[in-house]
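Notes for the one structure printed next.
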Amino acid sequence: MRDFGKRSIFLSLVILLSFIFQVSAQENKMFQNLLGNLAVYTNNNSPEKVYVQTDKDFYTNGETIWFKTYLLNGITHKASNKSQVVYVELIDSKDNIIAQQKLYTESAGASGDIILPIDIKEGTYVLRAYTKYMLNDKEPVLFQKEIPIWAQRSISNYVSDKVSNEKKEDKQVSKKEITTSRATKPIVQFFPEGGNLVTGIESVLGVKITDVEGNGLALEGKIFDQDGVLVSLFRSYEFGLGRTSFKVEPNTDYYLQIQIDGEITKYPIPEPLLKGYALRVMNLGEYIKIHVSTNIASGLQGALLVGHLRGDLIFKQFLRSKGENFFSLKLFTSKMRDGIAHFTLFAPNGAPVSERLTFIESPENTLKLSVKTDKSNYDFRKKVNVDLALVDDRGRPLDGDFSMSVVTQKGLQKDTDNLKSWLLLNSDLGGTIADPNFFFQENLKGRKSLLDLLMLTHGWRRFTWQSFMNIGVRKELAFPPEKGIMISGNTTAFNNRYQPKKTLATLTIMAKKINQEKKPTNARGRFSFGPFFFQDRIATIINAHRIPETKKSKDQVSIYLDPPFPSIKVKNLKKRQINKATTTYAKSYLRKAQHKKMIDFEYSPKTIKLKEVVVKSKIKTRQELINKELNSRTLYGQAQNRLFTDSSPWMQTGSVLDIVRLVPGVKVYGVYPNQSVEIRGQVSFGNGPPLYLLDGMPVPESAVRTMRTFNILFVDVLKGADAAIYGMRSAGGVIAIYTKKGGDLNQNPKRFPGVTNATIPGFYKTREFYKPNYAMTIADHRKPDYRTTLHWAPDIEIKGGESSKLSFYTGDTAGKYTIRVEGITFDGRPVHKLYSFNIVEDSP
């Protein structure tokens, strides 16, 4: 009997140990999957970031926004090895796209320019930049920069009148605003460090106080318990950020009390967890102290503490506590990159239970960008020489890509996002920080403390841990990285767009050299050709047919092309208007911009002062105007045999070669798409094949055979002497085909089975920035020079330890000017620098 009891106890212990081992193995597998998926994210599925530097921060109608895009790996901040296509858009306050460009990036970025229309409406616009690959994220973080644009009239007192009127309005509404702000209850948000207050554990509580507009309020308050006992004092600073700490007692409620103008307001503090985990992170610069605690018995046994910086794993620790409910460590930052580090505690069951952000600024990552001019003061139209050099904290030279603008000082915002603040801070917090550059001002007292408060009151936005814990096959990307221009779309049943059909698709590019490519679609009817590189635009024809090809109506297909630019919906809850303080600050800049407009108008070669004249002319008929327009597209003028595709309904559905048979002496053999043409007659030079022209360019007969008429405006057939202008190539006659263009007879193309055409926009070709050379004497230099942007250099490379030397000339406007340099080192460290000099008339 005793032996049986011993065996039972032994068997129970074996079963228990086996169960514990299985649970431990399952949990370890769960954590290994999580860490493995994080590694895959870092090495294979890393995100991308885009930043745009503009030459100025303010603009007026008619000016040009000069810019450079930086396309980088979202983790390492090195040049991205995924996408090579960046989209840049200018958007008004109603989310209408005013300008849109597609840029091809080499190395770390690409430059571009946007000419602002003269009739653009005044307001605050958004410059948006992104790649298609970034759209795969559930909440993509796209680069967005607000740009005030003023619409100036051609009168000199525009600026002064506008500013004075706004000052009057400010005085009228100031009393009302003050009254409203005082009457409105402040908004208070609580952010317990780690995520929750836990009973019996000393906890840190982050607090953010704002008004109804989201502006931070600097206030003082007190923490009381439910019995009115003072527990802790509280104070908020810049941006309404503050913190306090206290030990949470069981069965006790707490509240924050704030007194404004004698009125007391109470805000209940979130209820603490009876059982839970606490995570505290103290950033001391050279190292980080991390303290983990819990009030759960053996709650840390088998837990996991993970730290990553933008997805790159920097720390992991499986906790093996011996009955202790706390764990502490010191983590040195010397080998870490700068940026937001994200620490997360996972309970033994694999659930993320506590997390904390902190900002890494290692002294070893310090960079020094030297910007020097040969003088500090310059006279009008004098040459300025600039030297750029970059070294690390030990004086070792660094290499990188940079861009530089030289503008009047009032053309720049006082505090605006820059490459460093965007990459290291705002892009990883979802672009939610209103003034991120504030936290990078080196001489700001308490800067690091405020930056830590910012981390305390924000959460990680790039991904969720749950997405890494789900095990399964990775879905195909909706937006794969683009290496060039892709011509893609899908084929469907002709009468049902939502019924995909697998087909053989053929792309014909109508360039100087006809290029044709065939590809089968996938089972969902998707096809994709490319990548291509071209600028401006190209004409294309896409054909598709079922496999095997049939002529049955049920097998007819439609072709739908993807739009050349992505469609993105952005929610703007409030109308963006130019801040009145911004207009006042930019007053000097606006005066200079206005002065330049008046000078440009006066000296423009398009501006001619005319004496009064009387013009008499005969009004041309619409038919005469149409013939003149059509003849201007041909080399030979009017043709004797001209066919319009809208002359008869059947002409609009047939092939191009079907309609030329209407011309006497023209014989068409075969059926579509295997037709050939012979032009007979005494006036023809022979019976060889005719010369085919598409919009004036020679094309092979094989390219014409598949053309339908729905996109053709007219066809000319030339014989004999009419064809002689093309020499011996026209021995067999000429068939000249002209496609429809914008505005041609106001016709909209219809959809036809198995064929479509499209004009595909290419990459934007950036204009060259105008740089006068006043060392030369030319007639154009008689014009006064009131440029607000003196220089723009988007492609500066510092390499091999040598300084980069640049030069430009000053204009005819005195004042302080700022050199703004931004860029990225080849190892992924952002750089931003401002340097000022003066333009003074008659300066030595």
Rounded to the nearest 0.05, FRET efficiency between A493 and E701 (Cβ-Cβ, R0 41 Å) equals 0.85
Label model pair E139, F326: point-to-point distance (7 angstrom along the Cα→beta-carbon line) in nm is 3.4 nm
Mind grabbing the base-10 log of I(q)/I(0) for region 371-503 at q = 0.13, 0.16 Å⁻¹? Debye formula, identical points on the C-alpha positions, no solvent, two decimal places.
-0.97, -1.16
Take the Cα atoms of region 233-350, find their three principal axes, and give me the spread along each one in whole Å, biggest first.
51, 37, 20
Distances over 21 Å make up what percent of all Cα-Cα pairs in region 54-141?
35 percent
Defining a contact as two alpha carbons under 8 Å apart and six or more residues distant in sequence, what relative contact order in percent does region 332-385 show?
32 percent
Size descriptor, Kirkwood hydrodynamic radius, that averages inverse alpha-carbon separations across region 297-339, Å
12.0 Å
Computed from the mean reciprocal separation of all distinct C-alpha pairs, what Kirkwood hydrodynamic radius does region 185-295 have, in Å?
14.8 Å
Computed over region 354-442, the relative contact order (Cα-Cα under 8 Å, seq sep at least six) in percent reads 19 percent
Distance check, please: which entries in K49/K138; K68/K138; K138/K448; K375/K414 exceed 20 angstrom between their Cα atoms?
K68/K138; K138/K448; K375/K414
Give me the number: length gained by fully extending L313 to Y585, i.e. 0.36 nm times residue separation minus the C-alpha to C-alpha distance, one decimal in nm.
93.5 nm
Report, ordered by chain and residue number, the aspartates and glutamates lying within cross-link reach of K799, taken as a straight Cα distance under 15 Å and ignoring same-chain residues fewer than 8 apart.
D387, D392, D399, D401, D827
Using 1/(1 + (r/R0)^6) with R0 = 60 angstrom and r between the beta carbons of F565 and S298, what's the FRET efficiency to the nearest 0.05?
0.60
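Rule-based calculations on the coordinates, nothing more; no lab input. Being a predicted model, the structure only gives us computed values, none of them experimental. Note that we place each Cβ from the backbone using ideal geometry, even for glycine, and neighbour counts take in every protein chain shown.
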